[in-house]
Amino acid sequence: MKLSVKAKYGLSACINLAENYDNGNLTVSQLSERVGTTEKYLEQIMSMLKKRGVVSSSRGAFGGYVLTNPPGRTTVGEILRAVEDDLQFVDCMSGDCKCKKPCQSFVVWENLYKSINNCLDSITLDSLIKGDK
């Protein structure tokens, strides 16, 4: 399984928001400079994160993005699922399986999906900032 660059930029943007959590909003311009992508592309990613409730935004002179929850309660899993179609790497996971009979390999995909999500949900932005392993 290979994640897209949306995962890289989305996670990086959220880490930056976590590092700045006590200081307020960061603008798309500030974030795009920090994560190394265009404002236009990052705005698309931030929109996905906002739609899933990971970040919130405000307009105006002091507007920008902020994490919805504190860094200690925001997980890598939440972020990646928001930008990577819920991390459903096979159609079976969403109920769109095209198999004509019950798939014997479904248990493999289900266990892998659960394991990946459990791992990602155990990592908070706070732990990343602190360098916890």
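Picking from D96, D85, which residue would you name as being among the acidic types (D, E), modelled with pLDDT under 95 and within 15 Å of the chain's Cα centre (by Cα)?
Exactly one of D96, D85 is among the acidic types (D, E), modelled with pLDDT under 95 and within 15 Å of the chain's Cα centre (by Cα), namely D85.
Just name the residue that is least open to solvent (accessible area, probe 1.4 Å) out of those in the stretch 111-130 that are under 16 Å from L17 (Cβ atoms) and of a type in the set (D, E, K, R).
Residue satisfying both the conditions and the ranking: D126.
Being open to solvent by 60 Å² or more (accessible area, probe 1.4 Å) and more than 13 Å from Y113 (Cβ to Cβ) is the filter here, so list the residues in the stretch 61-94 that pass it.
Once the filter is applied, which keeps residues that are open to solvent by 60 Å² or more (accessible area, probe 1.4 Å) and more than 13 Å from Y113 (Cβ to Cβ), the stretch 61-94 yields A61, F62, T68, R73.
What number of residues within the stretch 14-57 are within 19 Å of L87 (Cα to Cα), part of a helix (DSSP H, G or I) and of a type in the set (G, A, S)?
Here the count works out to 1.
I'm told E33 meets every condition in (1) more than 16 Å from L3 (Cα to Cα); (2) touching a Ser or Thr at 6+ places or on another chain (Cβ under 7 Å) except one. Can you identify the failing condition by its number?
Single failed check for E33: (2).
Yes or no: S12 in contact with a Ser or Thr (Cβ under 6 Å, 6 or more places away or on another chain) and either touching a residue at least 12 places away in the same chain (Cβ under 8 Å) or of a type in the set (F, W, Y) (or both)?
On the way: in contact with a Ser or Thr (Cβ under 6 Å, 6 or more places away or on another chain): no; either touching a residue at least 12 places away in the same chain (Cβ under 8 Å) or of a type in the set (F, W, Y) (or both): yes.
In short, no.
For A18, all conditions in the list (1) closer than 18 Å to D126 by Cα; (2) open to solvent by 30 Å² or more (accessible area, probe 1.4 Å) hold save one; what is the number of the exception?
Of (1) closer than 18 Å to D126 by Cα; (2) open to solvent by 30 Å² or more (accessible area, probe 1.4 Å), only one is false for A18: (2).
The values are calculated or read from the model by the stated rules, or taken from the named source; none is laboratory data. Since this is a predicted model, take the numbers as computed values, not measurements. All Cβ positions, glycine included, derive from the backbone under ideal geometry; neighbour counts span all protein chains shown. Areas reflect the complete protein model, heavy atoms only, side chains present, ligands, DNA and RNA absent. Shrake-Rupley method; radii C 1.70, N 1.55, O 1.52, S 1.80 Å.
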